[in-house]
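Every number here is computed from the coordinates shown, using simple stated rules; none is lab data. Since the structure is predicted, the reported quantities are computational estimates derived from the model, not experimental observations. No Cβ is skipped: glycine too gets one built from the backbone with ideal geometry, and neighbour counts run over all protein chains shown.
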Amino acid sequence: MLKRTFVAVVAASAVLAGVFASAAQAQDKLKVAISQRGFWDSSFLEFAQKEGMLKKAGLDVEFFFTEGGGQTLQVITSGSVDVAMSNGLLGTIGAYSKKAPIRVISAQMTGAHELFWYTRAESKIRSLKDATENNTIAFSSPGSSSNLILLALLRQAASKAKPTATGGLPGTLTSVMTGQIDIGWATPPFALREIQEKKINIIARAREATELRNQTIRVNIANVNSLKTKRDAITRLMQVYNEAIDWSYSNPRAIEYFAEFAKAPPDIAGAAVKEFFPREALQIGEIRDLDRTLQDAVQYKFTASLLTQQDIAGLFDILYKPPAK
């Protein structure tokens, strides 16, 4: 009798051990859309995946890459993905004002730093002031941060160049070099080689848009239904995201990965990060200068009327605020 009892206890213990092992191995699945693969600030979750941070946090993340702006908003609004990274705040507010089922879960980029605009080397356009209403100037897609930054630069320079959505960087460069677009847009390290080879000239930089210096221009967002059913997993995702940002500014492997993603030499990739991507711009815990963004939204017709912070208070659900350092 005692022997049978002992065997039963051992068997039960084995079953429980198996249950706990399965639970430990189970990972929460998330689908995440990321705007524009190959940008430094679109690479952090890929860094986290390569370094095992996501697995350690119990997350199994499937990535989708878009050309930014409206395309990213479309997949998150439809519920095709749980989270969408690096969305222009203007477009996000516009979508929310039209009842899109989305929430801002963190800031992504504060201030304008990394984008620049360029022309072919032989172009007579040397600054935005040289461009006329007959000249086209590129941005990625309506509602994107490149859209907002471009509008601010054109206003600041009193330029009449015609903003034109051109999508991703390779297609934009082709359009510029073939004369279909007068002024292209890019973010480093893309097009730095062409600059070194003197095929193109930079005529404007995002950081020249002084009015955007302390304004949150991009955010990370989640689908409302996903927040209801996967809130804990999405919170852990944002914790890992912040951890990956810190890691990327302290570990040289990040530049190696970035060079691989961007298909650029490591020295160019490293120079791009050093010059164009200050760590402080990537804080995720606070949406800054929101009143200015709301004014921009109505001025550039992303909203039908001027909204107040109270009108859009329901848009914001900041899941993780990193401790102050």
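Note on the stretch 116-212: dipole from Cβ charges, positive end direction compared against Ile137, Ser159, Leu148; the farthest Cα belongs to Ser159.
Over what distance in Å are the Cα centres of the stretch 33-51 and the stretch 65-133 separated? Taking the Cα centre of each part, the stretch 33-51 and the stretch 65-133 sit 16 Å apart. Taking Cβ atoms as reference points and 13 Å as the exclusive limit, the residues near Gly314 contribute a net charge of 0, counting Lys and Arg as +1 and Asp and Glu as -1.
Extension gain, Ala271 to Glu256: 0.36 nm times the residue separation minus the Cα-Cα distance gives 4.2 nm. What are the lysines whose alpha-carbon lies under 20 Å from the alpha-carbon of Lys160, with same-chain residues fewer than 8 places away excluded? Reachable lysines: Lys124, Lys129, Lys301. Checked against a 30 Å cut-off, the cross-linked pairs Lys50/Lys230; Lys99/Lys263; Lys263/Lys325 give Cα-Cα distances beyond that limit for Lys99/Lys263; Lys263/Lys325. Each label point was placed 7 Å from the Cα along the Cα-to-Cβ direction; for Lys55 and Glu197 their separation is 3.9 nm.
Principal-axis analysis of the Cα atoms of the chain puts helix 253-262 at an angle of about 60° to the longest axis. When only the Cβ of Lys, Arg, Asp and Glu is charged (+1, +1, -1, -1), the dipole of the chain relative to its Cα centre reaches about 440 debye.
The coefficient of translational diffusion for the stretch 116-212, derived via Stokes-Einstein from the alpha carbon Kirkwood radius under 4 °C and 1.567 mPa s, stands at 100 µm²/s. Here the contact order of the chain, divided by its residue count and restricted to Cα pairs under 8 Å and six or more residues apart, works out to 26 percent.
Sorted from greatest to least, the principal axis extents spanned by the alpha carbons of the chain come out as 97, 46, 37 Å.
With a Förster radius of 45 Å applied to the C-beta separation of Asp28 and Lys160, the computed FRET efficiency comes to 0.35. Modelled spin labels at Ser305 and Met177, positioned 7 Å past Cα toward Cβ, are 5.0 nm from each other.
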